[in-house]
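What follows is a set of notes on a single structure, which appears directly below.
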Amino acid sequence: MFMYIYRGGLLTAILPSVVCALSQMTAPGIAAPATPGKGTGNNPQVSTSTATFEDWVVRCETKSPAPKVCEVVQTIAARNQQQQQRAIAEVVFGRLAKADPFKLVVQVPPGVYLPSGIRLVVDDKTPPLTATFTRCLQTCMAEAEIKPDVIQILKSRTKAEPGRLEFEDGTRQQVKLPVSFKGLPAALAAREEQVQ
């Protein structure tokens, strides 16, 4: 369950289990922490791995005999009233198979205004990536297909200037969360190497 705390117009939420919710998506799901899974009976052998590239993490999961699935993830966190840091959103880039479209998947707390979707603003020159909410249970998921030219823009980001996630909460107030692009080009390149 999420708990919102509004302080001076800033949104803070407590997100207990990002991994659980994202791993159930039809788009690229987040692999569990880097511990080998155990296959029993009809369950396939599962292995996972992670690698960190500054502010981004490449997470890979292999379920034999399926091919390896990797994604690039950034968790956006904030502090609650007790000054504990908690995840409030995740930004994920990836695809399930080479033939599938490359996707942006964003997870945020429930209580968002669904019709407005969510935007990832990269910079002033690039049109924002707009994701549509596809489900909203314990967390709200939005996704969008990413065109190859936008992927190239993301891979070539060398400036440390942050972008942001923008969406409306249930009261139609604008929420803006910073997104770092430090390490994103290296993480996207590493993801490609892992799935070849």
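Table: residues versus (1) surrounded by fewer than 16 Cβ atoms within 10 Å (Cβ to Cβ); (2) at pLDDT 85 or above; (3) among the hydrophobic types (A, V, I, L, M, F, W, C); (4) part of a loop (DSSP other than H, G, I, E, B).
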| residue | (1), (2), (3), (4) |
| --- | --- |
| N43 | yes, no, no, yes |
| S49 | no, yes, no, no |
| V72 | no, yes, yes, no |
| Q82 | yes, no, no, yes |
| P101 | yes, yes, no, yes |
| L120 | no, yes, yes, no |
| D123 | yes, yes, no, yes |
Fill in the blank from the handout: Restricted to the range 84-99 and to residues being in a loop (DSSP other than H, G, I, E, B) and charged (D, E, K, R), the residue surrounded by the fewest Cβ atoms within 10 Å (Cβ to Cβ) is K98
Practice task
Only residues that are more than 23 Å from E61 (Cβ to Cβ), touching a helix residue (DSSP H, G or I) at 6+ places or on another chain (Cβ under 9 Å) and among the hydroxyl-bearing types (S, T, Y): list them for the range 134-193, please.
Solution key: S156, T158
Handout entry: Count of the range 149-196 residues which are over 23 Å from T132 (Cβ atoms) and either in contact with a Ser or Thr (Cβ under 7 Å, 6 or more places away or on another chain) or part of a strand (DSSP E or B) (or both)
Key = 2
Exercise for the section: Please tell me if F133 is within 28 Å of K98 (Cβ to Cβ), touching a strand residue (DSSP E or B) at 6+ places or on another chain (Cβ under 9 Å) and modelled with pLDDT of 95 or more. Expected result: yes
Fill in the blank from the handout: Scanning the range 82-117 residue by residue, those within 15 Å of the chain's Cα centre (by Cα), of a type in the set (G, A, S) and over 25 Å from R172 (Cα atoms) turn out to be G94
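Quick check on the range 152-167. Is at least one of its residues more than 22 Å from G111 (Cα to Cα), of a type in the set (D, E) and either within 15 Å of the chain's Cα centre (by Cα) or surrounded by fewer than 19 Cβ atoms within 10 Å (Cβ to Cβ) (or both)? Give the derivation first.
Initial filter on the range 152-167 (more than 22 Å from G111 (Cα to Cα)): 152-163.
Now drop any that are not of a type in the set (D, E), which leaves 161.
Those still in the list that are either within 15 Å of the chain's Cα centre (by Cα) or surrounded by fewer than 19 Cβ atoms within 10 Å (Cβ to Cβ) (or both) too: 161.
Within the range 152-167, one or more residues are more than 22 Å from G111 (Cα to Cα), of a type in the set (D, E) and either within 15 Å of the chain's Cα centre (by Cα) or surrounded by fewer than 19 Cβ atoms within 10 Å (Cβ to Cβ) (or both).
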Practice task
Could you please let me know if A142 is aliphatic (A, V, I, L, M), modelled with pLDDT under 95 and either part of a strand (DSSP E or B) or touching a Lys or Arg at 6+ places or on another chain (Cβ under 9 Å) (or both)?
Solution key: no
Fill in the blank from the handout: So, first residue in contact (Cβ under 8 Å) with a residue 40 or more places away in the chain in the range 182-194, second residue assigned to a helix (DSSP H, G or I) and surrounded by fewer than 17 Cβ atoms within 10 Å (Cβ to Cβ), Cβ within less than 9 Å, six or more apart or across chains; the pairs are L184/K155; L188/I151; L188/K155
Handout entry: Failed item, numbered, when V105 is tested on (1) buried (at least 22 other Cβ atoms within 10 Å of the Cβ); (2) farther than 19 Å from F167 by Cα
Key = (2)
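The values are calculated or read from the model by the stated rules, or taken from the named source; none is laboratory data. Note that the structure is a prediction, hence the values are computed from the model and not measured. Heads up, the Cβs are rebuilt from the backbone with ideal geometry, glycines too, and the neighbour counts pull from every protein chain shown.
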